[in-house]
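Notes follow once the structure below has been shown.
The values are calculated or read from the model by the stated rules, or taken from the named source; none is laboratory data. All values derive from a computational prediction rather than experimental measurement. Cβ sites come from the backbone with ideal geometry, for glycine too, and all protein chains shown count toward neighbours.
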There are 2 protein chains.
Amino acid sequence: MYNELDFELSSLKGESEGSLRLGASSTIAQYVIPELLAKFHKRYPKVTLSMVAGNSKQVESLLINNEIDVALVENSSGIQELRYTAFAKDEIVAVTGAKSVYAQKDTISVAELISAPIILREEGSGTLETLMQAFSQNNIDASLLHAAAHLGATEAIKHFLDYYDSIAFVSRFAIRKEVKARSLKILQIPGLSILRQFRIAERMGPQLTPQSLFIDFLFKNNIKVGI
Amino acid sequence: MYNELDFELSSLKGESEGSLRLGASSTIAQYVIPELLAKFHKRYPKVTLSMVAGNSKQVESLLINNEIDVALVENSSGIQELRYTAFAKDEIVAVTGAKSVYAQKDTISVAELISAPIILREEGSGTLETLMQAFSQNNIDASLLHAAAHLGATEAIKHFLDYYDSIAFVSRFAIRKEVKARSLKILQIPGLSILRQFRIAERMGPQLTPQSLFIDFLFKNNIKVGI
């Protein structure tokens, strides 16, 4: 098993070994962290990587139970036993299929939004929670929206938009490839900006382990939405 | 709440109403069913759609507890109280980044596979289970593989492959766009073909509800891997 002193010695020689067990909420796991994990594995090839995906609460529980070493979560979550550090900003944006009737304009008013079919995530999703908070803060009555479907996966929503004229709300990170390939289009909603913070959650106490290497690595590699 | 007689009458008039609550294992939820859901919603706009994603066992439990109406699962699962019907064939394929050293050839031998870094799904994943069964049936010792990482989401694996020369095993459905865009490349492994069946799971008993409409729709729309 992993031994902290061995780790320290091999770390000084630049040959860090051990395992890094990550947990990440679904947007982070799918779209934010894989590039960085690949780079981390190139830099520290002897550190065995694993990552589980779940919602923020699920990965926080895994962290408390010592089943993972680091959790990457959204800012809506928070448990007293854990220490949190912000590492990246995210934005939830309105998006539509490039061929949809809604893609003919670059902006959409709140009134137009309310008359359009909307595709939402499932109950319990952090993205849905952030969206509902933002609507409430902007005095938009979410009960007036026409939810055509609640789909429990961002990839499902993206594919649905290819075939159905509608509007969805997803993380900018989730649609970088599609926006670049012009198969999906972001719609601005004047006056509405939906931001959130991604955070690192750790157990308390000093650490000199693959997870501290990884957290350093996270901060050295500035993560920004590339669109 | 939903009323079966009302449904029957409105169904005869071609105006089916009600709600369809689906559960689907993650590959199906993300890559197989969204296009069909969008078409179904065009055909039956008054049927409210929702879909939760999970592993096969999780969505089977939701079905038994009447929290969803239909589950779409992989063939490795199976519970006596449920009725199963096959609806699509899937294939798990070896895939690599188009710029990786492994992409220089179209095929890879088992010996080459064993010396390459492999990216696998997490424990509990149906895709990982199918892969391990196939290895065992083909006398490939999975313990000889060099797992560079276990990642709990297919999207994470696809992004990781963009930045790290390695080989992963994923459903053909999951990489249709990337293979078409030539950012990922399928590698043939002579003698190894990893097939599975996607299945519809239903509770027992007669049904005339949005779920029967949906199941009919599934069969009328022949689902095939398009690559």
Look through A:ALA116, A:ALA88, A:ALA53, A:ALA71 and report the one residue that is in contact with a helix residue (DSSP H, G or I) (Cβ under 7 Å, 6 or more places away or on another chain) and facing chain B (nearest Cβ under 10 Å). A:ALA53
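Please specify each residue of region B:32-56 satisfying the condition of being touching a residue at least 40 places away in the same chain (Cβ under 8 Å) and assigned to a loop (DSSP other than H, G, I, E, B).
Scanning region B:32-56 gives B:TYR44, B:ASN55.
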From B:GLU112, B:GLU122, grab the single residue that is closer than 24 Å to B:ALA24 by Cβ, outside any strand (DSSP E or B) and either aliphatic (A, V, I, L, M) or assigned by TED's automatic domain parsing to the domain that holds B:ASP162 (or both). B:GLU122
Considering only region B:91-129, state which residues are more than 22 Å from A:THR48 (Cβ to Cβ), at pLDDT below 95 and of a type in the set (A, V, I, L, M, F, W, C). B:VAL110, B:ALA111
Restricting attention to region A:128-142, does a residue exist that is of a type in the set (A, V, I, L, M, F, W, C), in contact with a helix residue (DSSP H, G or I) (Cβ under 8 Å, 6 or more places away or on another chain), at negative phi and within 12 Å of chain B (Cβ to nearest Cβ)? no
Within region B:9-35, track down each residue that is small (Gly, Ala, Ser) and at pLDDT below 95. B:SER10, B:SER11, B:GLY14, B:SER16, B:GLY18, B:SER19, B:SER25, B:SER26
Find all pairs meeting these conditions: Cβ atoms under 6 angstrom apart; at least six residues apart or on different chains; first residue within region B:136-151 and in contact (Cβ under 8 Å) with a residue 24 or more places away in the chain; second residue surrounded by 15 or more Cβ atoms within 10 Å (Cβ to Cβ) and assigned to a loop (DSSP other than H, G, I, E, B). B:ASN138/B:LEU192; B:ALA148/B:SER166; B:HIS150/B:GLU122
B:ASP216: passes all of (1) within 11 Å of chain A (Cβ to nearest Cβ); (2) charged (D, E, K, R); (3) part of a helix (DSSP H, G or I) but (1)
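Per-residue answers, yes or no, for (1) buried (at least 21 other Cβ atoms within 10 Å of the Cβ); (2) polar (S, T, N, Q); (3) more than 17 Å from the chain's Cα centre (by Cα); (4) on the phi > 0 side of the Ramachandran plot:
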{"residue": "A:HIS150", "(1), (2), (3), (4)": "no, no, yes, no"}
{"residue": "A:TYR163", "(1), (2), (3), (4)": "no, no, yes, no"}
{"residue": "A:SER166", "(1), (2), (3), (4)": "yes, yes, yes, no"}
{"residue": "A:ARG176", "(1), (2), (3), (4)": "no, no, no, no"}
{"residue": "A:GLY191", "(1), (2), (3), (4)": "no, no, yes, yes"}
Verdict on A:ARG196 being under 30 Å from A:LEU213 (Cβ atoms), more than 9 Å from chain B (Cβ to nearest Cβ) and modelled with pLDDT of 95 or more: no
When you check A:ALA168 against the structure, is it at pLDDT below 95 and closer than 19 Å to B:LYS39 by Cβ, yes or no? no
Evaluate region B:40-49: report whether one residue or more is more than 7 Å from chain A (Cβ to nearest Cβ), at pLDDT 90 or above, under 21 Å from A:SER125 (Cα atoms) and in contact with a Gly (Cβ under 8 Å, 6 or more places away or on another chain). yes
Hey, A:VAL59 buried (at least 17 other Cβ atoms within 10 Å of the Cβ) and in a helix (DSSP H, G or I) or not: yes
So which of A:VAL52, A:VAL73, A:VAL47 ends up being within 13 Å of A:LEU213 (Cβ to Cβ) and surrounded by 15 or more Cβ atoms within 10 Å (Cβ to Cβ)? A:VAL47
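Condition check ((1) farther than 25 Å from B:ALA71 by Cβ; (2) touching a Phe, Trp or Tyr at 6+ places or on another chain (Cβ under 9 Å)) across all residues:
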| residue | (1), (2) |
| --- | --- |
| A:LEU128 | no, yes |
| A:MET132 | yes, no |
| A:ILE167 | yes, yes |
| A:ILE194 | yes, yes |
| A:ILE223 | yes, yes |
Would region B:114-123 turn up any residue that is among the small types (Gly, Ala, Ser) and either buried (at least 24 other Cβ atoms within 10 Å of the Cβ) or touching a residue at least 40 places away in the same chain (Cβ under 8 Å) (or both)? yes
Region A:95-109: number of residues that are of a type in the set (S, T, N, Q) and either surrounded by 13 or more Cβ atoms within 10 Å (Cβ to Cβ) or in a loop (DSSP other than H, G, I, E, B) (or both): 3
Please count how many residues of region A:96-118 are among the β-branched types (Val, Ile, Thr) and in contact with a His (Cβ under 8 Å, 6 or more places away or on another chain). 2
Just name the residue that is nearest to B:ALA53 (Cα to Cα) out of those in region A:130-189 that are of a type in the set (Asp, Glu) and assigned to a loop (DSSP other than H, G, I, E, B). A:ASP165
